[in-house]
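Read-outs throughout are calculated quantities, based only on the coordinates presented, and are distinct from any laboratory measurement. Remember, predicted model here, so these are calculated numbers, not experimental data. Cβ sites come from the backbone with ideal geometry, for glycine too, and all protein chains shown count toward neighbours.
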Amino acid sequence: MKWVRRQINNLQPYVPGKQVSGSVVKLNANENPYPPSSRAMAVLQDFNSDSLRLYPDAVSGKLRETAAEVFGVNTEQTIIGNGSDDILTMIIRTFLDEGDSIAVVDPTYTLYETLAEIQGAETEIHPLNDDYSIPESFFKTESKVVFLPNPNAQTGTLFPTEQIERLCGNNNSVVVIDEAYADFAGISSIPLIKKYKNLIVLRTVSKSYSLAGIRVGFGISNPDIISALMKVKDSYNVNSISQLIAKEALLDREHFNCNIGKIVYTRNWFAKSLLDAGWKVTPSEANFILAEPVDDSPESIIKKVESAGFLIRYFDTPRLKNKLRISIGTDEQMKLLLKVIKF
Ligand SMILES: Cc1ncc(COP(=O)(O)O)c(C=O)c1O
């Protein structure tokens with residue numbers, strides 16, 4: 001269409017995992033199968049609906065303070081987004097001019113490339129080695145912004161902290177470590193923000209807090225970068241109900257720890273069971289497993305599990321097309337899925 005920018009006319013939009021209602025077991029978008037904290041849910045009962053007449057706090061002040069406390073940083077080192085995807089958009093808009101480039105690995109979260117394309121920026125792709133380790137070229141990139149999820153999206157593998165430090169040591173680039181899944185791995189690059197002025201760490205309530213629906217994410221970096229991001233964020237980017245729910249969820253550490261414990265336990269036995277069934281399983285530190293069936297094609301497994309009421313994720317890309325990505329559900333759901341897969 002002639003009025004639409006060239007980049008948008010040519011854009012292949014990001015495709016999220018299918019959303020469905022009904023009795024399907026959704027294991028295709030790395031959502032959490034357990035309910036959110038009851039302390040967080042009490043916000044909905046106690047909410048004064050008259051306050052909805054007013055705009056929300058533009059900087060999510062109280063939530064920022066709580067996030068700073070929980071992540072062990074100062075308030076000025078934090079920014080709140082409408083999901084961490086919103087902070088990815090702010091980053092792209094803050095650092096990239098048309099014609100600049102970002103660097104990513106492959107496979108990874110494909111939204112980085114989509115957002116760069118919308119901005120008119122290029123994407124430099126560094127294929128991961130066969131064991132999913134980082135190739136040497138990635139450490140030497142001259143791209144303005146480097147995006148790396150840790151654990152990595154789609155593979156679930158964890159990159160060691162020394163390699164994150166090596167990336168940050170390359171002063172050409174702003175380094176974004178996307179920790180959407182880090183709570184399931186139990187390690188974080190947040191402590192490195194004191195040492196590296198070019199580092200931004202992202203967190204979210206979508207996975208480990210069972211709150212994908214409220215759309216809240218966190219950016220953690222030095223105050224100069226945070227001030228720059230604040231200038232480009234939408235004025236009222238996080239709604240008032242979500243600010244309150246996320247704050248209570250962050251404070252409910254007992255619920256959080258219990259939730260993580262259950263997912264990690266289930267992930268570990270499920271991965272082992274797939275291995276025992278002969279599948280090739282990538283060691284995962286996230287809330288999903290990337291695995292390759294041996295006797296059946298991915299397509300036939302998908303058919304089998306869909307007819308039994310399960311949704312899992314398939315990516316038709318060169319590095320992933322023999323594999324399936326399965327989010328970790330409850331113990332009962334995963335036992336049932338295993339039966340369906342095996343027979
Ligand atoms: C690596 C990665 N980053 C970010 C997101 C999006 O997180 P949020 O729900 O906070 O926008 C996802 C969602 O699946 C993801 O896999």
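Placing +1 at every Lys and Arg Cβ and -1 at every Asp and Glu Cβ, with all other atoms neutral, what dipole size does region 47-251 have around its Cα centre, in debye to the nearest 20? About 720 debye. Expressed per residue, the C-alpha convex hull volume of region 64-130 stands at 110 Å³.
Over the C-alpha atoms of the chain, the Rg to Rh ratio, Rh being the Kirkwood estimate, stands at 0.96. Here the scattering of region 91-154 is modelled by Debye summation over its C-alpha atoms, one equal scatterer each and no solvent; at q = 0.15, 0.18, 0.22, 0.25 Å⁻¹ the log10 of I(q)/I(0) is -0.42, -0.60, -0.86, -1.06.
Label-to-label distance, TYR236 versus SER101, with points set 7 angstrom from Cα along the beta-carbon direction: 4.2 nm. Under the convention that each Lys and Arg Cβ holds +1 and each Asp and Glu Cβ holds -1, the size of the dipole of the chain around its Cα centre is about 540 debye. For the pair GLN19 and PHE139 in one chain, pulling the backbone fully straight at 0.36 nm per residue adds 39.5 nm over the alpha carbon distance.
In region 244-343, a dipole from Cβ-located charges (positive for Lys and Arg, negative for Asp and Glu) runs towards its positive end, and of ILE301, MET334, PHE288 it is ILE301 whose Cα lies farthest in that direction.
Three principal axis extents describe the C-alpha atoms of region 42-92; from largest down they are 34, 25, 17 Å. Taking amide H as placed 1.01 Å from N in the peptide plane, ASP106 has its amide H under 5 Å from the amide H of HIS126, LEU128, each at least 5 places away in sequence or on another chain.
Comparing SER49, PRO13, ASN28 along the charge dipole axis of the chain, the residue lying farthest to the positive side is SER49, per the Cβ-charge model. The label-point distance for ASN322 and GLU306, in a model that sets each label 7 Å from Cα toward Cβ, rounds to 2.3 nm.
Label separation (PHE47 vs LYS342): 4.3 nm, computed from points 7 Å beyond Cα along the C-beta direction.
Here region 47-251 is treated as a Stokes sphere of Kirkwood radius computed over C-alpha pairs; at 10 °C and 1.306 mPa s its diffusion coefficient rounds to 92 µm²/s. With the convex hull of the Cα atoms taken as the outline of region 15-57, the averaged projected area works out to 5.5 nm². For region 261-310, the share of alpha carbon pairs falling in successive 10 Å distance bins from zero is 25, 48, 26, 1 percent. Taking every DSSP bridge with both residues inside the chain, close to 45 percent are antiparallel. Rounded to two decimals, the Cα-based Rg/Rh of region 107-221, with Kirkwood Rh, is 0.94.
For GLU332 and ASN9, what does the FRET efficiency come to when R0 = 51 Å and r is the distance between their Cβ atoms, rounded to the nearest 0.05? That gives a FRET efficiency of 0.60.
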